[in-house]
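Each remark here refers to the structure printed beneath this line.
Every read-out reported here was derived from the displayed coordinates using simple, explicitly stated rules and does not represent laboratory data. Since the model is a prediction, treat every value here as computed from it, not as a measurement. Here Cβ is always computed from backbone atoms with ideal geometry, including for glycine, and neighbour counts include all displayed protein chains.
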Amino acid sequence: MNDRTEAIDKLLNDLEPTDPALQARYRSILDAGLADLKPGGGKARYIAVGLAGLIGCVVCGSLGLTEPESTPRAVRWLLILFAFFGLGWTLLAGWMLARGRGNFAAERLIAARMAFGFTLVAVTALSLTSSLLGKESASMPLVATGLALLILGAVLLIGARIEQAVLTIREQILRLECRTAGFAEAVSRAREARSGQIE
C-alpha cells in the first residue's frame with residue numbers, strides 16, 4: 001500500500017459510524033456490495049490444494065531420501081526442494097482454512113506470489129542441476145516447460161494484483177457512498193428537528 005492509499009483508508013476509518021446499529025448496517029451494505037467478488041467453493045479449493053501439496057511433499061521427499069547411492073546428489077537435492085514446495089502449498093492451504101474465508105483477493109495474491117517464486121526457483125534449480133550433470137539437451141523440455149509455467153505464473157500474479165486493486169477501489173467507493181448516505185440522513189433528521197422546533 002502506498003502513502004496515498006493509507007491516507008484515504010485512515011480518512012475513511014475516521015468517518016466510520018460509532019453507533020453499533022449503523023456499524024452493522026454499514027457492514028452489511030459493504031458485504032453485499034463486495035459479495036460478487038468472492039467465489040464459492042473456497043473450502044473445497046483449499047482442501048484440494050492442501051492434499052495435492054501433501055502428496056507432492058510425501059512423494060518427492062520419500063524419493064529424495066530413499067533413492068540409491070548411485071543417484072547423483074544434485075537430483076536428490078532437487079527432489080527434496082520439490083518436497084518443500086509441496087509442503088509450502090499444504091501450509092498455505094491449512095493457514096487459509098484455519099483463518100476461515102477472509103479476503104479472497106489477498107489470499108489469491110499470496111498464492112500467485114508463491115507460484116511465481118516456486119516456479120522461478122524450480123527453473124533455476126533444473127538448469128543448474130542439468131548443467132552440473134552435463135545433460136543440458138535432455139533437460140531442455142523440462143526447462144522450456146518451466147519457463148512457460150513461469151510466464152503463466154507472472155500472468156496470474158498480475159491478475160491477482162489487479163483483482164486486489166479493484167476490490168480496494170470498490171470498497172472505498174462503497175464506504176464513501178455509505179458515509180454520504182449517512183450524512184444525508186443526519187442532515188434530513190436535523191432539518192426535521194429544526195422545523196419541529198420552529199413550529
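The calculated FRET efficiency for the pair LEU133 and ALA52, based on their C-beta separation and a Förster distance of 25 Å, comes to about 0.35. Computed from the C-beta positions of ILE158 and ARG99 and an R0 of 35 Å, the FRET efficiency is 0.90 to the nearest 0.05.
Extension gain for GLN172 to GLU69 (0.36 nm times residue separation, less C-alpha to C-alpha distance): 31.1 nm.
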